[in-house]
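Notes follow the structure.
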There are 2 protein chains.
Amino acid sequence: MRKTLIREAEISLESYLSAYSKMVDAELKKLFVRHAEEPASILKAMSYSIFAGGKRLRPILVLAAHECCGGKAKDALKTAAALEMIHTYSLIHDDLPAMDDDDLRRGRLTNHKVFGEALAILAGDGLLTYAFEVAAQNSAEMGLDGKRASALIQAIACGAGSSGMVGGQVADLEAEDWQNKNHGFNPKRHLEYIHLHKTASLIMASLEAGGILARASESRLKALSDYGRSLGLAFQIADDVLDAVGDKKKMGKMGSDAANHKLTYVSLYGVEKARQMARTEAEKAKAALGVFSAQQNQWLKRIADYTIERDK
Amino acid sequence: MRKTLIREAEISLESYLSAYSKMVDAELKKLFVRHAEEPASILKAMSYSIFAGGKRLRPILVLAAHECCGGKAKDALKTAAALEMIHTYSLIHDDLPAMDDDDLRRGRLTNHKVFGEALAILAGDGLLTYAFEVAAQNSAEMGLDGKRASALIQAIACGAGSSGMVGGQVADLEAEDWQNKNHGFNPKRHLEYIHLHKTASLIMASLEAGGILARASESRLKALSDYGRSLGLAFQIADDVLDAVGDKKKMGKMGSDAANHKLTYVSLYGVEKARQMARTEAEKAKAALGVFSAQQNQWLKRIADYTIERDK
């Protein structure tokens with residue numbers, strides 16, 4: 001046992017993230033082979049954004065949570081892929097001219113710039129729908145009972161929907177021109193709402209989904225969800241900081257928040273206070289994992305540290 | 001038994017559709033009460049289109065299929081509501097400027113005309129996501145086993161996604177300017193694909209969902225699915241005919257297909273042949289229900305007749 005612990009500790013987080021990200025990519029490749037009934041164009045548009053080289057944070061969290069609760073990573077790959085599909089659909093829709101109107105993402109043209117707005121909207125719709133199909137397949141393959149099968153879909157839908165990620169996106173739209181809002185508008189509360197919903201909700205759902213697939217107890221699911229809430233906040237605050245002070249080459253684009261007078265942790269609290277808030281949330285995330293053993297929770301803890309230390 | 005049959009036969013289809021549509025509306029009202037975490041604006045935008053007065057065909061088919069398989073209509077109401085949410089989301093996204101660019105639907109301003117494009121896109125996303133949440137709740141409340149809980153979500157996702165309704169919408173976009181396509185383009189085959197996917201797929205999913213919730217056997221699910229396929233085709237061909245020759249007052253808008261040089265059964269086959277094709281499909285739909293008793297399948301059969309006889 002001691003030997004295993006030492007060996008695992010020797011694996012760097014970087015190799016862990018890279019290996020798991022490759023597993024997720026391989027699963028996605030299998031899932032994006034054309035179905036006979038599907039127009040070639042929609043598969044192309046969906047694949048373009050799915051394989052645009054993201055960090056695969058959400059699917060990795062599904063796998064890590066699943067393992068933390070005693071499951072095997074490969075058994076949760078479809079649900080991991082589902083969470084990445086939902087994240088990707090949200091980016092496609094966010095980039096649309098009616099929303100953030102972005103031409104580039106990760107240095108490549110955005111979906112609507114390549115395929116047109118209509119197909120981009122439908123590619124997002126297709127990804128969101130396919131995510132539920134694939135998660136449901138996973139629950140049947142794992143032999144989950146009806147209650148857990150339902151809980152899996154509900155956790156994902158709650159995290160993604162109008163009281164989760166979609167709600168956060170709405171709040172983000174409504175924060176535009178926030179400096180000219182009347183004094184009833186509370187920017188600090190509003191910003192916390194945005195980050196909790198636009199980012200943390202789907203991260204919480206990723207962790208819960210991994211736990212549900214591993215048949216975790218209620219108390220363990222609660223711990224994963226609390227971890228996800230703090231991790232999501234830490235991640236997004238760290239993003240705000242990186243946008244303000246990060247290395248432009250590594251980030252792709254930065255400084256855009258300030259240029260757009262966006263409501264961010266940096267604009268409200270300054271860089272130093274924001275950094276400290278991200279650290280506090282990362283510590284809270286790790287503290288939530290006390291119900292697990294040190295061997296079980298090690299990767300989730302290291303991911304929490306990475307979240308605030310990363311430079312891109 | 002004989003007495004019950006006679007009594008039921010005396011209820012007109014019109015009263016049946018009206019009563020069931022009211023049950024669906026009441027369920028939707030319960031489901032669209034604001035969740036604490038939800039911005040008020042997104043609930044308003046989703047509710048605007050959900051309560052815009054549709055025929056409620058898909059949810060009624062969920063309920064009718066559920067009863068046909070021995071279930072009680074009220075037990076399938078959440079799934080019925082879910083299918084209406086998916087139908088509604090598809091209309092909101094179809095109406096967007098990047099898609100059909102429609103200002104009016106059923107005589108009212110379309111969602112994006114009232115709430116703006118960004119919120120309309122998100123309202124659609126929110127409805128699609130909520131549909132899966134509510135269907136999953138229904139499966140847990142009904143105590144479905146894991147296999148059936150998964151089948152329910154998969155049936156709905158298959159019908160709605162890129163190999164179903166979204167795929168049909170893509171094919172519809174790609175049929176624009178069909179008269180100038182090269183000779184490799186087969187308009188008849190393409191049009192059947194559009195109608196089967198854009199319309200019939202979600203109708204099939206509605207029937208399958210009602211059956212799965214009632215724990216129907218594979219052969220009965222197959223019968224419901226076959227019925228749905230033909231019913232969906234009949235419904236859409238009848239729509240093409242109504243657009244060409246219907247009563248303008250009852251239809252709201254008509255003649256728009258011809259004005260837009262749209263690929264329709266009327267433009268390819270003429271009114272008389274199209275009418276005959278709709279009748280043939282309605283007969284095929286009814287014939288598929290042979291595994292059920294006359295009492296069980298009566299409403300689905302009457303709905304098939306209504307589909308081609310309606311004047312709006």
Would you tell me the mean number of C-beta atoms belonging to other protein chains that fall within 10 Å of each C-beta in B:153-160, as a whole number?
-> 6
Pairs A:Lys147/B:Lys284; A:Lys198/A:Lys273; A:Lys44/B:Lys262; A:Lys147/B:Lys113; A:Lys78/B:Lys44; B:Lys22/B:Lys44: which exceed 31 Å Cα-Cα?
-> A:Lys147/B:Lys284; A:Lys147/B:Lys113; A:Lys78/B:Lys44
Between A:Leu13 and A:Val291, with labels modelled 7 Å along Cα→Cβ, what's the label distance in nm to one decimal, could you check?
-> 2.3
What does the average come to when, for each residue of peptide B:29-41, you count the partner chain Cβ atoms lying within 10 Å of its Cβ?
-> 4
Just the Kirkwood number for region A:1-145, please: inverse of mean 1/r across all distinct Cα pairs, in Å, one decimal.
-> 16.3
Mean Cβ neighbour count within 10 Å, used as a protection proxy, ranking A:75-83, B:260-268, A:195-203 highest first = A:75-83, A:195-203, B:260-268
Mean Cβ count within 10 Å, highest first, over the residues of peptides B:286-292, B:56-62 = B:56-62, B:286-292
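Express in % the proportion of alpha carbon pairs of region B:135-257 at distances exceeding 19 Å. Each step should come with its number before you reach the end.
On the way: 4301 of 7503 pairs.
The calculated P(r) of region B:135-257 puts 57 percent of pairs beyond 19 Å.
When ranked by the protection proxy of mean other Cβ atoms within 10 Å per residue, highest first, what sequence do the peptides B:96-109, A:133-146, B:213-226 form?
Values: B:96-109: 15.8, A:133-146: 21.6, B:213-226: 19.1.
Highest-to-lowest ranking by the protection proxy: A:133-146, B:213-226, B:96-109.
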In terms of the Cα gyration tensor, with a ≥ b ≥ c the square roots of its eigenvalues, is region A:193-290 rounded because a/c is under 1.5, prolate because a/b exceeds b/c, or oblate?
-> prolate
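For chain B, what are the DSSP H helices with axial Cα length of 30 Å or more and mean Kyte-Doolittle hydropathy of at least 0.0? Write down the numbers at each step before the final one.
Details: long enough: B:117-141 (36 Å, 0.59); B:218-245 (40 Å, 0.12).
Span-like helices, by this rule, are B:117-141, B:218-245.
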Just the number, please: Stokes-Einstein D of region B:13-309 in µm²/s, Kirkwood Rh from C-alpha pairs, 10 °C, 1.306 mPa s.
-> 81
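Assign one of three labels to region B:124-174, namely rounded, prolate or oblate, based on the Cα gyration tensor with a ≥ b ≥ c the square roots of its eigenvalues; rounded applies when a/c is under 1.5, prolate when it is not and a/b is larger than b/c, and oblate otherwise. Display every interim value, and only then the final one.
Details: a/c = 5.25, a/b = 2.03, b/c = 2.59.
It comes out oblate by the Cα gyration axes.
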Please list, in chain and number order, the residues 5+ apart from A:Leu109 or on another chain whose amide H is under 5 Å from its amide H, with Hs placed from the backbone.
-> none
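Using a 10 Å cut-off around each Cβ of peptide B:90-101, what is the average number of partner chain Cβ atoms that fall inside?
Numbers: counts 2, 0, 0, 5, 3, 0, 5, 4, 11, 5, 1, 1.
Across B:90-101, the average partner-chain Cβ count within 10 Å equals 3.
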Looks like the protein assembly as shown, by Cα gyration tensor root eigenvalues a ≥ b ≥ c and the a/c under 1.5 rounded cutoff (else prolate when a/b is bigger than b/c, oblate otherwise), is prolate
Could you work out how far apart the two model spin labels at A:Thr280 and B:Ala40 are, taking each label as a point 7 Å from the Cα in the direction of the beta carbon, and quote it in nm?
-> 3.0
Would you calculate the separation in nanometres between label points at B:Asp75 and B:Asp247, each defined as 7 Å from the Cα along the Cα-to-beta-carbon direction?
-> 4.0
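Every read-out reported here was derived from the displayed coordinates using simple, explicitly stated rules and does not represent laboratory data. Treat the numbers as computed from the prediction; the structure is a model and nothing was measured. Note that we place each Cβ from the backbone using ideal geometry, even for glycine, and neighbour counts take in every protein chain shown.
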